[in-house]
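Following: one structure in structure tokens, then a few remarks.
Where a number appears in this text, it was derived from the coordinates with a stated rule and is not lab data. Model, not experiment: these values are computed from the prediction. In this analysis, Cβ positions are derived from the backbone assuming ideal geometry, glycine residues included, and neighbour counts consider all displayed protein chains.
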Amino acid sequence: MLKLPAILFLLFISFTCFSQRTIRGRVVNESTGAAVPGSSVFITGTSKGTTADSGGGFELTNVPAGKHELVISSIGYETNVFSFSDEQLPLQLKVELKIKVKELQNVVADNSVEEGWDKWGRTFMDNFVGNTENAERCRIKNEQAIRFRYFKKSNRLIAYCDEPLLLENKALGYLIKYQLENFELNFTQHSMFYLGYSLFEPLENERKGKQEKWEEKRQVAYNGSIMHFMRSLFANRLLEEGFEVKRMVRTPNYEKQRVRQLYMSSRDIKKTGTTQVVMSFNEWTERLPADTAKYYGTVMHQDDYRDSFESSLLTADSLIIESFETFKALHYENYIYITYRNEKEEAGYLRTQYPERKAWFQRSYVMLLNDKLISLDKSGNFYDPQDFFTSGYWSWGEKMANSLPLDYEAGK
């Protein structure tokens, strides 16, 4: 788990300022107490942000309702994150930033090599920005600031950057300043994880009709998105907004697991100098009786899991287990299967995932990792996003190219 330094804060509440949605404060060096001017201060996932002045002071007004994370960062310092809710406003903060200490990579246990954008840039863009239509109009303006380290033994790639990424999205009309905290691709496990904090700044364009075009594209990106789903769930408007939700049970294919284990334990591994040659599955089955080899081959072509679905549709009341004044708690067991019936899948999704079939309604699967509750508010913000594990259409499309700020207002 990522450990972030604490924020020291003072909370002043009075009858005259209780209703103000304001955050004020000062950013200082933890060790010396000196001001850290130019620090970036923003509410992650929104368009609310500012820069600390020469004395380290900052102010944010009209803070949106709900639960949020205030992010304070500066080059050379560790990122500082403070979770708060609108019920705590107004806030007066003293933010202490700790100087970042560069950690030595452990190249003994896992040999690694540091490489640049020319080697890994395309891989990073595909996994961070995406392969959607909007991704084609995105570029990272400071791509050379990103560094990569590939670990040969574990077949992993990590990316890191000492300054915020500047992602220009000309499809939706935003400059996204992204404070990247963690990015890792595991090629063996076919998994990807990234963590960071984003500030959305609207792009300016004087061309006639450009703003209207951006609004149209933002609405399309919003339709069927996780943000749209969470807002619909909070408002108890799933069906009205085009979402059909069913319970889904995913059962592992135990027979496939058994056959795979037989192969893994029985295969030959030959060494030629420093090189290892592993017997393939087909080579292994050639040693078996014909009927056994045929059966094993059939099993290994099956899916890793078998999914079953309930026929009845779920309502928000079936998923929301508790409601509070400003947020609600989401929980369910196993998976839910979500179909958005107001839009079809993008051509790029079919091209990369299912090249042999026609477009259908957007379908996603979601499970809650570690059996954790998810809290959500009316803006579509939810916590903790790391516990909301998606596959299907959302895992392909819900990347930075299609991201919208939490204060985005649909239908305007």
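Within straight-line reach of Lys153, meaning a Cα separation under 15 Å, sit the following aspartates and glutamates at least 8 residues removed in sequence or on another chain: Asp110, Glu114, Glu184. Selection among Ala221, Tyr174, Phe193 by position relative to the dipole of the range 134-236 gives Phe193 as farthest towards the positive end (Cβ unit charges, Cα centre). A convex hull fitted to the Cα coordinates of the range 254-302 yields 73 cubic angstrom per residue. Beyond 20 Å in Cα-Cα separation lie the following of the pairs Lys152/Lys177; Lys328/Lys399; Lys328/Lys372: Lys152/Lys177; Lys328/Lys399. Residues in the range 122-130 carry Karplus couplings, in order, of 5, 4, 5, 4, 4, 8, 9, 8, x Hz; the curve used is 6.51 cos²θ - 1.76 cosθ + 1.60 with θ = phi - 60°, and Gly or Pro positions show x. Out of all DSSP beta bridges with both ends in the chain, state the antiparallel percent to the nearest 5. Around 90 percent of the beta bridges assigned by DSSP in the chain are antiparallel ones. With a threshold of 19 Å on the Cα-Cα distance, the over-threshold entries among Lys217/Lys344; Lys48/Lys378; Lys94/Lys378 are Lys94/Lys378.
Note on the range 8-97: along the principal axes its Cα atoms extend 36, 26, 19 Å, ordered by decreasing extent.
Sorting His228, His331, His301 by the number of Cβ atoms found within 10 Å of their own Cβ, with the fewest placed first, yields His301, His331, His228. In µm²/s, what is D for the range 103-204 at 10 °C and 1.306 mPa s, where D = kT/(6 pi eta Rh) by Stokes-Einstein and Rh is the Kirkwood radius from Cα pairs? After rounding, the answer is 110 µm²/s.
Listed by Cβ neighbour count within 10 Å, with the fewest neighbours leading, Lys152, Lys48 appear as Lys152, Lys48.
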